[in-house]
Each structure stands twice: as structure tokens, then as C-alpha cells.
Amino acid sequence: MTTDSRVGRSFAIVVAGVYTCGGISAENYGPSWNPSSPTVRSLIEEALTTLDTGVTTRHEGDLDRPTELVPARNAVLFGRVMAAAGVHIGEASQVGALPEWILELPEDAKETLGTIWIHERMTKDPNRNTVKLQMRSRTQLYRKAVGKLVECAIDGSVTVTEQNIIIPAETADGL
């Protein structure tokens, strides 16, 4: 699998989903996603279909739990493949960095991943006319890597602070 193939790009999308709206269980390596954005939900569903795991949901109709997307087949094996590719397993608050290969993707793939981060992590600040991607519990290394992906998506620059990634006002209007 190469990152410039359809399968490689699909793999990168589900990996970005793990970091933005999902996780991989430390107990059984089962991955799951709970995207808030219809755009990201569609990207993850399409990617899982391309990767031939299929997609199903769990906890649908359970008022106490969010509905999650999960691979329909070979979920644990798929989670182990992601772990072997350097994807974080377990608590999201313990993430130190993204896998290095993510920043080596072709520009259009990085643009798609940046879009995923924007859709899942952005909050608009109407007082400042900016968009923030909240990254409070993430390392500087992680924030800088995500900042590079977001820059590909917005075709501009961002400011990486101690707690957030800030998208400038002139770009924020289009988001």
C-alpha cells in the first residue's frame, strides 16, 4: 500500500478520523469513530468501504451512548494494522504525535486530512472573527503537525499556540 493510492488515501482518512473523532481500544484494538460532521462521516464510511472492511454502527438508538461507526468485518485486525502503522492506541489525552508518514503524504491528501481536522475540531470566535481548533491537551509537536495539515486545507497560514490552532479572520469567513 502506498499513500498515493486510493487504498493508501483511504487508510490516511480513517487514521485522521481516529485522531479527530474516534479511537482504537487499548483492550481489544477495535477502532471506532463518532464524527459530528456529515462531511467527515461520509469520508470515513467511504474509506472503510474502499478498505474492504465495510462499515456498520453500534449503540444506535442508545440514548446514553453516541452512535459510532465501526468496521463491519475484521475490526480487531484492522485496529492492529493501524497500530503497526504508528497510530495511537487508547486514551486520546495521551497522544504525543501523529505518525510521521502523515506529513509525507501528497499535498491533496494532506488537504483532505486538514479538512477533517477543521470539520471536527473547529470553533468559531465571533468576537475575533477567527476559527480555533482546540488542542489543549496535545503536545506542541502534535499541534504543529496538525497545523501543517490545516494549512494545506485552507491554502494559507495558521498560528499554533500553546492551546489551539488559530485560522486567520480572512480565511475563517470561508469555513
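The values are calculated or read from the model by the stated rules, or taken from the named source; none is laboratory data. Quick caveat: nothing in here was measured; it's all calculated off a predicted structure. Here the Cβ positions follow ideal geometry from the backbone for every residue, glycine too, while neighbour counts run over all protein chains shown.
Observations on the structure shown:
Conditions tested, residue by residue: (1) closer than 19 Å to L149 by Cα; (2) surrounded by 14 or more Cβ atoms within 10 Å (Cβ to Cβ).
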| site | (1), (2) |
| --- | --- |
| S5 | yes, no |
| R9 | yes, yes |
| G22 | yes, yes |
| S36 | no, no |
| E68 | no, yes |
| N74 | no, yes |
| G86 | yes, no |
| G96 | yes, no |
| L113 | yes, yes |
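- Filtering the stretch 133-159 to residues that are surrounded by fewer than 20 Cβ atoms within 10 Å (Cβ to Cβ), under 19 Å from P99 (Cβ atoms) and among the β-branched types (V, I, T) leaves only T139.
- Every condition in (1) surrounded by fewer than 18 Cβ atoms within 10 Å (Cβ to Cβ); (2) more than 20 Å from V160 (Cα to Cα) is met by V14 except one, and the failing one is (1).
- When G17 is tested against (1) in contact with a strand residue (DSSP E or B) (Cβ under 8 Å, 6 or more places away or on another chain); (2) assigned to a loop (DSSP other than H, G, I, E, B); (3) under 27 Å from M122 (Cβ atoms), just one condition goes unmet, and that condition is (2).
- Single residue of the stretch 164-175 satisfying the filter (of a type outside the set (A, V, I, L, M, F, W, C) and surrounded by 13 or more Cβ atoms within 10 Å (Cβ to Cβ)) that is nearest to V95 (Cα to Cα): N164
- Filter pass, T130 being hydroxyl-bearing (S, T, Y), surrounded by 14 or more Cβ atoms within 10 Å (Cβ to Cβ) and modelled with pLDDT of 95 or more: no
- Residue match in the stretch 45-62 (condition: surrounded by 13 or more Cβ atoms within 10 Å (Cβ to Cβ), within 18 Å of A75 (Cα to Cα) and within 12 Å of the chain's Cα centre (by Cα)): no
- When A47, A83, A75 are checked against the criterion of being touching a helix residue (DSSP H, G or I) at 6+ places or on another chain (Cβ under 6 Å) and of a type in the set (G, A, S), a single residue qualifies: A47.
- Scanning the stretch 1-14 for residues that are at pLDDT 95 or above and touching a Phe, Trp or Tyr at 6+ places or on another chain (Cβ under 9 Å) yields A12, V14.
- Just one of the listed residues (P38, P99) is at pLDDT 95 or above, within 14 Å of the chain's Cα centre (by Cα) and within 26 Å of Q140 (Cβ to Cβ), and it is P99.
- Looking only at residues of the stretch 118-127 that are in contact (Cβ under 8 Å) with a residue 12 or more places away in the chain and over 22 Å from L105 (Cα atoms), we find that the one that is surrounded by the most Cβ atoms within 10 Å (Cβ to Cβ) is M122.
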